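The values are calculated or read from the model by the stated rules, or taken from the named source; none is laboratory data. Predicted model, so just to flag it, every value in this text is computed and none were measured. As a convention, Cβ positions derive from the backbone with ideal geometry for all residues, glycine included, and neighbour counts pool all protein chains shown.
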Amino acid sequence: MIYDFLIVGAGLFGAVFAHEITSRGGTCLVIDRRPRAGGNLYTEEMAGVNVHCHGAHIFHTDNKEIWDYMRQFAEFNHFVNAPIADFRGEIYNLPFNMNTFHQMWGVKTPAEAKEMIARQRADAGITTPRNLEEQALCLVGRDIYEKLIKGYTEKQWGTDCRNLPAFIIRRLPLRFTYDNNYFNDRYQGIPIGGYTPVVEKMLQGSDVRLGVDYASFSRLNPGQAARTVYTGAIDEFFDYSLGVLGYRSLRFETEILDTENYQGNAIVNYTDRETPYTRIIEHKHFEFGRGPRTVVTREYPAAWRLGAEPYYPINNEENTALYEKYKSLAGERGDVIFGGRLGDYAYYDMDKVVGKALQAAFDAAGRT
Ligand code: UDP
């Protein structure tokens, strides 16, 4: 064996795992089928702006250890995510807070907002929410559901809100203060210089080969490493032998504009059903950029089929049951560690991925 670990996927899980192993004196070969490292974190400089090429990534966590861990690799700025929703030209603050309630109903106090929501909740007549629609109606009532949730969610997931699990909407805070911070976490920011240098630093000390596909690589190069860390799609690892898990894909359209400031905010969500994209990202606002030009990306949700990029796992009942079967197959493979959003088939935020990778590396290092 040449290496201790063959790591499949140079995204966040793979990079943190590799860093942990190499800093303990172990050896790693990291491969990725994409031509660049960084996974969906990958950022690239365009017109003097660091562009989040695979969608906005805002690092946030409540865990001080994870925050300090990340800050070894970069200085983080003081960006706070405060997205805006555009519903057919009406502008609302997100997440749902007193600003939103004021814009929606003209209410000024928390008591007035609570009363309005309670009235709409009672009208909906739901006691135990069984799906995303019912969960949303219970949490915020019909007006907010119809203007700010329904269209956006149905575009993003390509299905009716009644077919979606309630937990997706629980990601969004609901507050009765005038606070537009999208996240409740104590620590938040964007690495100055973008995410690509962060991942590159994590991978220093490992051998990295890009544009390399795992299936053919492992067939042609057996015996590279004692163990494998696999961060690709778990169903693909097993050749889809039990069936294909469902994913949601995305398409990004990026353009450089000769305008200093296009939309005045990093993220504007288009929450109506008709606009084909879910959001427009103006990347310079992630880093308080002041240059004369700007870069914007429209994010279009897309159906996923075999061969397309899997972005979000669709954690419905059918897929969860299928994933459980793959997970038990995975459990029989003592030589392979599965991780990351695709390896675990889970809708993780970045800090969760870092925490899981640190734990996996700690466990694995104990065994070498
Ligand atoms: N969501 C919504 N309206 C919005 C933003 C989010 O209804 O304007 C809901 C929607 O159901 C979505 C979920 O919140 O699937 C999570 O959105 P988020 O923007 O956090 O997703 P991510 O950034 O992970 O793609």
Cβ-Cβ distance below 7 Å, separation of 6 or more or different chains: which pairs start in the range 41-61 with a residue that is touching a residue at least 12 places away in the same chain (Cβ under 8 Å) and acidic (Asp, Glu) and end on one that is away from the ligand (no atom under 16 Å from the Cβ) and assigned to a strand (DSSP E or B)? Glu44/Val51
Candidate set from the range 161-183 (those that are assigned to a loop (DSSP other than H, G, I, E, B) and within 12 Å of the ligand (Cβ to nearest atom)); member that is surrounded by the fewest Cβ atoms within 10 Å (Cβ to Cβ): Pro173
Out of (1) among the aromatic types (Phe, Trp, Tyr); (2) within 16 Å of the ligand (Cβ to nearest atom); (3) crowded, with 16+ Cβ neighbours inside 10 Å; (4) in a helix (DSSP H, G or I), the one Phe217 does not meet is (2)
Considering only the range 1-64, give the strands (runs of 3 or more DSSP E) lying wholly within it that have at least 2 residues that are on the phi < 0 side of the Ramachandran plot, among the β-branched types (Val, Ile, Thr) and at pLDDT 95 or above. 3-8, 28-32, 49-52
Please enumerate the residues belonging to the range 329-341 that are within 27 Å of Met1 (Cα to Cα) and in contact (Cβ under 8 Å) with a residue 12 or more places away in the chain. Leu329, Ala330, Asp335, Val336, Ile337, Phe338, Gly339, Gly340
Single residue of Tyr348, Tyr326, Tyr311 found to be in contact (Cβ under 8 Å) with a residue 12 or more places away in the chain and within 16 Å of the ligand (Cβ to nearest atom): Tyr311
Which members of the range 155-172 meet the condition of being in contact (Cβ under 8 Å) with a residue 40 or more places away in the chain, within 16 Å of Tyr247 (Cα to Cα) and not small (Gly, Ala, Ser)? Lys155, Gln156, Trp157, Asn163, Leu164, Pro165, Ile168
For Arg273, the lone unmet condition from (1) of a type in the set (Lys, Arg); (2) crowded, with 21+ Cβ neighbours inside 10 Å; (3) farther than 20 Å from Phe59 by Cα is (2)
Does the range 103-115 contain at least one residue that is within 14 Å of the ligand (Cβ to nearest atom) and more than 30 Å from Glu65 (Cβ to Cβ)? yes
Test Phe79 against the stated conditions and say whether it is crowded, with 17+ Cβ neighbours inside 10 Å, touching a residue at least 24 places away in the same chain (Cβ under 8 Å) and away from the ligand (no atom under 14 Å from the Cβ). yes
Taking Leu148, is it of a type in the set (A, V, I, L, M), touching a residue at least 12 places away in the same chain (Cβ under 8 Å) and in contact with a strand residue (DSSP E or B) (Cβ under 6 Å, 6 or more places away or on another chain)? yes
Are any residues in the range 125-134 part of a helix (DSSP H, G or I) and either surrounded by fewer than 23 Cβ atoms within 10 Å (Cβ to Cβ) or modelled with pLDDT under 90 (or both), and if so, which ones? Glu134
Right, Gly289: over 19 Å from the mean Cα position of the chain (by Cα) and on the phi < 0 side of the Ramachandran plot or not? yes
Looking at (1) away from the ligand (no atom under 16 Å from the Cβ); (2) surrounded by 13 or more Cβ atoms within 10 Å (Cβ to Cβ), can you tell me which one Arg119 breaks? (2)
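Residue-by-condition table, conditions (1) among the basic types (Lys, Arg); (2) more than 13 Å from Asp235 (Cβ to Cβ); (3) surrounded by 20 or more Cβ atoms within 10 Å (Cβ to Cβ):
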| residue | (1), (2), (3) |
| --- | --- |
| Tyr277 | no, yes, no |
| Gly291 | no, yes, no |
| Thr294 | no, yes, yes |
| Asn319 | no, no, no |
| Ala330 | no, no, no |
| Gly339 | no, yes, yes |
| Tyr345 | no, no, yes |
| Val353 | no, yes, yes |
| Ala365 | no, yes, no |
Set Val208, Val244, Val212, Val199: member being closer than 30 Å to Phe362 by Cα, assigned to a loop (DSSP other than H, G, I, E, B) and not basic (Lys, Arg): Val212
